[in-house]
Amino acid sequence: QVQLVESGGGLVQPGGSLRLSCAASGISFSAYAMGWYRQAPGKQRELVAHITSGGSTYHADSVKGRFTISRDNAKNTVYLQMNSLKPEDTAVYYCHSRGRVNEFWGQGTQVTVSS
């Protein structure tokens, strides 16, 4: 059974930092591309950052220079380091994995940026 379990969300003040983690099980993690998406109330889910099995990364323009995606294949975990958080970063953040023939989603973790 495939599981993607996110953690690290919470309430933070503007300018603060959080690190999200996504622990994967049931997949050959190193062979999967991994990503973080987010969905704010009333908005569509959007890609925040992506990392290939080879370690190449992509960050959306809205988070470039503030967020960093990374992976630890030994721990079957992908991370999203989020710095200089803004109120507009408030959303549910979802972990995503994509293999050659299938894809999986985590249950999401809430990030709220507010003073």
Anchor Lys75: lysines whose Cα lies under 30 Å away (excluding residues fewer than 8 positions away in-chain) = Lys64, Lys86
Probe 1.4 Å, all protein chains present, accessible-area order of Asp89, Asp61, largest first | Asp61, Asp89
Picking from Ser97, Ser53, Ser70, which is most flexible by a Gaussian network model of the chain using Cα springs under 10 Å?
-> Ser53
Taking a ≥ b ≥ c as the square roots of the eigenvalues of the Cα gyration tensor, with a/c under 1.5 meaning rounded and otherwise prolate when a/b exceeds b/c and oblate if not, the stretch 1-48 is prolate
Would you mind counting up the charge near Glu88? Only other residues with Cβ under 12 Å from its Cβ, with Lys and Arg at +1 and Asp and Glu at -1.
-> +2
Report Lys43's accessible area, 1.4 Å probe, all protein chains in place, as a number in Å² to the nearest 10.
-> 140 Å²
Full extension between Val5 and Ala31 adds, at 0.36 nm per residue less the Cα distance, a length in nm of 7.6 nm
Value of Rg to Rh for the chain (Rh from inverse mean 1/r over Cα pairs, i.e. Kirkwood) = 0.95
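The values are calculated or read from the model by the stated rules, or taken from the named source; none is laboratory data. In this text, all values refer to a predicted model and were calculated from it rather than measured experimentally. Cβ atoms come from the backbone with ideal geometry, glycine included; neighbour counts cover every protein chain shown. What goes into the accessible areas is simple: the full protein's heavy atoms, side chains included, and nothing from ligands, DNA or RNA. Shrake-Rupley method; radii C 1.70, N 1.55, O 1.52, S 1.80 Å.
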